[in-house]
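Enquirer: Below is one structure. I have some questions about it.
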Amino acid sequence: MGNYFNTLSLRDKIDQLSKCRFMDASEFEDGVEALKGKKIVIVGCGAQGLNQGLNMRDSGLDISYALRPKAIEEKRQSFVNATENGFTVGTYEELIPTADLVLNLTPDKQHTNVVNAVMPLMKKGATLSYSHGFNIVEEGTQIREDLTVIMVAPKCPGSEVREEYKRGFGVPTLIAVHPENDPEGKGWAQAKAYAAATGGDRAGVLESSFVAEVKSDLMGEQTILCGLLQTGSILCFDKMIEKGIDAGYASKLIQFGWETITEGLKYGGITNMMDRLSNPAKIKAFELSEELKDIMRPLFQKHMDDIMEGRFSSGMMEDWANGDEKLLGWRAETAETAFEKTPAGDVEISEQEFYDNGVLMVAMVKAGVELAFEAMTDSGIIDESAYYESLHETPLIANTIARRKLYEMNSVISDTAEYGCYLFDHACKPLLADFMTKIDTDVIGKPFAKDNGEGVDNAKLIAVNKALREHPVEKIGEFLRASMTAMKPIV
Ligand SMILES: NC(=O)C1=CN([C@@H]2O[C@H](COP(=O)(O)OP(=O)(O)OC[C@H]3O[C@@H](n4cnc5c(N)ncnc54)[C@H](OP(=O)(O)O)[C@@H]3O)[C@@H](O)[C@H]2O)C=CC1
Ligand SMILES: CC[C@](O)(C(C)=O)C(=O)O
Ligand SMILES: [Mg+2]
Ligand SMILES: [Mg+2]
C-alpha cells in the first residue's frame, strides 16, 4: 500500500483529475432500479451512514447496518441511531456475507481496519462503496479483484443530505467507479442508482473519479468550507469585542450571519451576495476581498500543493498513528475561544442587517470562494467540481454554524475535514493579523453606509460589477444553478 495517486503516470494523473462530466437528468430515468431488491449493508451509522440510509430506505431500498460488536453491546450512538429508526442491526459476520452492496461509511482513519475486516466476508462479485476516496487514493488500498468498487460522494454534511431530501431536493453528488475494480462493468449503473436513492440526481451529479473527488474535497473543506469560516468567525468576533460592540450582538451576528449571507450566494452566486449590499458597501467589500485574496493566495496554494503531492495525507496519517493527538488538542482549543463561549444575544437582527453590518464577512466569503476555485482549477480540477467544493457547499456548512457554532460544524463534518480545518485556521489567523489591525466597526458590527449611491464613483462601480460577473466561478455557477430550480429556501 502507498499513495495510489503518486504511483500514476503524469498522463493518468491528468486523466483522472480532469474526469468530470455533468450528467443529464435523463441518465437517471431508471431511478433506483439497479439496486432494487439488492441487500444493502451500511457499515457505520454516523453522519453519512444514518442520513444516506434513511434516504435510501425512503427511496424503496433494502437497508441494514453492520456495526462492530462493542457498538452493539454498549448500545453506542450508532446502535441507537439505527435501531431507533427501525433498521435491522447485526455484526459483520451476520450481515456482510448476505450483502450485494456494502457501503463503508466509517471515518476515513478507520477505513483500512474496516476494509480488512469486511473484505474477507464479502460474497464473490459484490460491490464495495465509499463516500470519500481517501482510502483508495491516499492510502492505496487494494480491493479483491472480483469486487466492484464505487464511490457516491454527497458534497455536503450528512445532516443536510437528509434535510434536502425531505425538502424534496437533494445535494450535488460526485460518482465514480474505481478503474482497477469494475470486473463486471456494473459499477456505473449501481453508482447512478445509489445517487438517485439519496436524492443527489435532483441537485446535479458529476461523473468523476476517486482521484478528482479526493483532491477537490480535501481542498474545499480545508479552505473556504470550514477553515476560513472558522478563522473568520474568531477574527470578526474578537474585533467587535475589541471595539466595544455588545458581546451578545457580536456573537449572534457571526453565528447566524454566515448562513444568511451565503443563502444569497447559493441563489445567485457571489454577484447576488454582493448585490445585497449598498453600492458604497459593495465597493468596500470588493476592495477588502482583493486585499484578502493577495494575503491568503499563497496559503490556499500551499494547501492545494500539499494535497496534490500527498504531504497533507501523510501528515494527517501520522496524527492517526499518534492517537489523534493534534486533532484532539485543536478541538479542545476551539471550544475555548471567546466566540464559542459567548451565547448569541436575545436581539433582533433583520436579514438585511446581516449584510449591512457584516461587510467584512461578505468580503471573506467572496475571497475564500474565489481563491479555492482558482487554486483547484489551476491544478487541473474541472470547474464543475471546483464550484461544488467552493461556492455550492459553503451555505450548507454555514447552516451548521447557525445551529451550534463551530462545535456543530466540526462535529458534523468528517474527522478528515476537521483536521484540515484546524490546520488552515492556525496558519491563516497570523497571516491576517496586520490586515485585522486596520479593521473597524464600519465593516463589522455597524452599517457601512446608509446613504446608498451618494458619493459612489460610477466608473469604479461598473468595474467592480464587471469583475464580479466575469469571474469563472460565476460563469459555471450560472450553468449549474439552472439545473437546481427545485432548490428550497432555508432562511
Ligand atoms: N461527515 C460528513 O458529512 C461527510 C463525510 N463523508 C465521508 O463519509 C465517511 C463517513 O464519515 P462520517 O459520516 O463523518 O463518519 P462518522 O464519524 O459520523 O461515523 C462514524 C461511524 O462509524 C463507526 N465506526 C467508527 N470507527 C469504527 C470502526 N473502527 N469500525 C467500525 N465502525 C466504526 C461509528 O460507530 P461506533 O463508534 O459506534 O462503532 C459511527 O457510526 C467518510 O469517508 C467521510 O470522509 C463524505 C461527505 C461528508
Ligand atoms: C466539507 C466537509 C466534508 O467534505 C463534507 C461535509 O462534504 C466532510 O468531509 O465532512
Ligand atoms: Mg465534502
Ligand atoms: Mg470531506
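Enquirer: Placing one identical point scatterer on every Cα of the chain and ignoring solvent, what is log10 I(q)/I(0) from the Debye formula at q = 0.05, 0.07, 0.09, 0.13 Å⁻¹?
Expert: -0.18, -0.36, -0.60, -1.22
Enquirer: Still on this structure, I have one more. Rounded, prolate or oblate, given the Cα gyration tensor of region 1-134, with a/c below 1.5 counting as rounded? Mind showing how you got there, number by number?
Expert: Values: a/c = 1.99, a/b = 1.33, b/c = 1.50.
Since a/c reaches 1.5 but b/c is at least a/b, the shape of region 1-134 is classed as oblate.
Enquirer: Using unit Cβ charges (K, R positive; D, E negative) and no other charged atoms, how large, in debye to the nearest 20, is the dipole of the chain about its Cα centre?
Expert: Details: 52 positive and 76 negative charges, 122 e Å.
That gives a dipole near 580 debye.
Enquirer: Please list, or write none, the aspartates and glutamates whose alpha carbon is within less than 12 Å of the alpha carbon of Lys446, excluding same-chain residues fewer than 8 places away.
Expert: Within the straight-line cut-off, Lys446 pairs with Asp246, Glu353, Asp356.
Enquirer: Convert each backbone phi in region 235-246 into a coupling constant with the Karplus relation 6.51 cos²θ - 1.76 cosθ + 1.60 (shift: θ = phi - 60°), then list the ³J(HN,Hα) values in order as whole Hz, x for Gly and Pro.
Expert: Karplus-based 3J(HN,Hα) across region 235-246 equals 5, 5, 5, 4, 5, 4, 5, 4, 8, x, 6, 4 Hz.
Enquirer: Region 95-203: D in µm²/s via Stokes-Einstein (Kirkwood Rh, Cα pairs, 4 °C, 1.567 mPa s)?
Expert: Values: Rh = 14.3 Å.
Calculated translational D: 91 µm²/s.
Enquirer: Let me ask another. Does region 323-405 come out rounded, prolate or oblate by the C-alpha gyration tensor, with a ≥ b ≥ c the root eigenvalues, rounded set by a/c under 1.5 and, if not, prolate when a/b is larger than b/c and oblate if not?
Expert: Working: a/c = 2.55, a/b = 1.21, b/c = 2.11.
Judged from the Cα gyration tensor, region 323-405 comes out oblate (a/c at least 1.5, b/c at or above a/b).
Enquirer: Antiparallel DSSP bridges in region 144-284: what percent, to the nearest 5?
Expert: Working: 5 of 8 bridges.
For region 144-284, the DSSP antiparallel bridge percentage is about 60.
Enquirer: Once both axes come from the Cα atoms, what is the angle between helix 187-198 and the longest principal axis of the chain, in degrees from 0 to 90, rounded to 10?
Expert: For helix 187-198, the angle is close to 60 degrees.
Enquirer: Then there's this: Pop out the ³J(HN,Hα) list for region 303-314 in order, Karplus 6.51 cos²θ - 1.76 cosθ + 1.60 with θ = phi - 60°, rounded to Hz; leave Gly and Pro as x.
Expert: Along region 303-314, the couplings run 4, 4, 5, 5, 5, 5, 8, x, 5, 4, 5, 5 Hz.
Enquirer: Once phi is turned into ³J(HN,Hα) by the Karplus curve 6.51 cos²θ - 1.76 cosθ + 1.60 with θ = phi - 60°, what whole-Hz value does each residue of region 5-20 show in order, with x for glycine and proline?
Expert: Coupling constants for region 5-20: 4, 5, 8, 6, 5, 4, 4, 6, 4, 5, 4, 6, 5, 9, 6, 6 Hz.
Enquirer: Here is a further query. Which one of Thr112, Val149, Asn85 is farthest out on the positive end of the charge dipole of region 75-170, using unit charges on Cβ (Lys, Arg +1; Asp, Glu -1) and the Cα centre as origin?
Expert: My answer, from the dipole projection, is Asn85.
Enquirer: Return the long-range amide H neighbours of Ile42 (sequence gap of 5 or more, or a different chain), with a cut-off of under 5 Å between placed amide H atoms.
Expert: Under 5 Å from the amide H of Ile42 lie the amide H atoms of Ser64, Tyr65, Ala66, Leu103, each far enough along the sequence or on another chain.
Enquirer: Next up: Among 467-477, 350-360, what's the highest-first ranking by average C-beta atoms within 10 angstrom per residue?
Expert: On the way: 467-477: 17.5, 350-360: 20.9.
My ranking of the peptides, most packed first, is 350-360, 467-477.
Enquirer: Please state the relative contact order of region 68-156 as a whole percent: Cα pairs under 8 Å, 6+ residues apart? Walk me through the intermediate numbers first.
Expert: Values: 96 pairs, mean separation 20.7, N = 89.
Reported as a whole number, the value is 23 percent.
Enquirer: Would you list Phe79, Phe448 from fewest to most Cβ contacts within 10 Å?
Expert: Lowest count first: Phe79, Phe448.
Enquirer: Sort Arg276, Arg311 so the one with the fewest other Cβ atoms within 10 Å of its own Cβ comes first. Mind dumping the intermediate values first?
Expert: On the way: Arg276 20, Arg311 13.
Least to most surrounded, the residues fall as Arg311, Arg276.
Enquirer: Please list, or write none, the lysines whose alpha carbon is within less than 26 Å of the alpha carbon of Lys75, excluding same-chain residues fewer than 8 places away.
Expert: Lys39, Lys109
Enquirer: Enter the angle in degrees (range 0 to 90, nearest 10) between the Cα long axis of helix 325-335 and the first principal axis of the Cα atoms of the chain, meaning the one along which they spread out most.
Expert: The helix 325-335 is inclined about 40 degrees to the chain.
Enquirer: Rounding to the nearest 10 and keeping the result within 0 to 90°, find how far the Cα-based axis of helix 210-220 lies from the longest principal axis of the chain.
Expert: Between the helix axis and the principal axis of the chain, the angle is about 30 degrees.
Enquirer: Sorted by packing (mean other beta-carbon atoms within 10 Å per residue), highest first, where do 337-346, 406-415, 38-47 land?
Expert: Numbers: 337-346: 14.9, 406-415: 20.4, 38-47: 22.3.
So the peptides 337-346, 406-415, 38-47, ranked by packing, come out 38-47, 406-415, 337-346.
Enquirer: In the chain, with Lys and Arg counted as +1 and Asp and Glu as -1 at Cβ, which of these residues, Val102, Gly2, Phe373, has the Cα nearest the positive end of the dipole, that is, farthest along it?
Expert: Comparing the listed Cα positions along the dipole, Val102 ranks first.
Enquirer: Please tell me the relative contact order of the chain in percent, rounded to the nearest whole number, where contacts are Cα pairs under 8 Å and at least six residues apart. If you can, show how the numbers build up before the last one.
Expert: On the way: 852 pairs, mean separation 94.8, N = 491.
Over the chain, the number comes to 19 percent.
Enquirer: How about region 75-161: which GluC sites (Glu not before Pro) there are in a DSSP loop, with at most 13 other Cβ atoms within 10 Å of their Cβ?
Expert: Values: sites: Glu84, Glu93, Glu94, Glu138, Glu139, Glu145, Glu160; in loops: Glu138, Glu139, Glu145.
Loop-located and lightly packed - Glu145.
Enquirer: Let me ask something else about it. Excluding same-chain pairs closer than 8 in sequence, count the lysine pairs in region 113-233 whose Cα atoms lie under 26 Å apart.
Expert: Total qualifying Lys-Lys pairs in region 113-233 comes to 11.
Enquirer: Ok, one more. Under 1.5 on a/c is rounded, so check that first for region 305-366, then, if it is not, pick prolate when a/b is larger than b/c and oblate when it is not; a ≥ b ≥ c are the square roots of the alpha carbon gyration tensor eigenvalues. Each step should come with its number before you reach the end.
Expert: Working: a/c = 5.46, a/b = 1.82, b/c = 3.00.
Verdict is oblate for region 305-366.
Enquirer: Where does each of Val211, Val369, Val115 land when they are ranked from fewest to most other beta-carbon atoms within 10 angstrom? Working shown, then result.
Expert: On the way: Val211 27, Val369 32, Val115 24.
Exposure proxy ranking, most exposed first: Val115, Val211, Val369.
No lab work stands behind these numbers, since they all come straight from the coordinates. Note that the structure is a prediction, hence the values are computed from the model and not measured. Here Cβ is always computed from backbone atoms with ideal geometry, including for glycine, and neighbour counts include all displayed protein chains.
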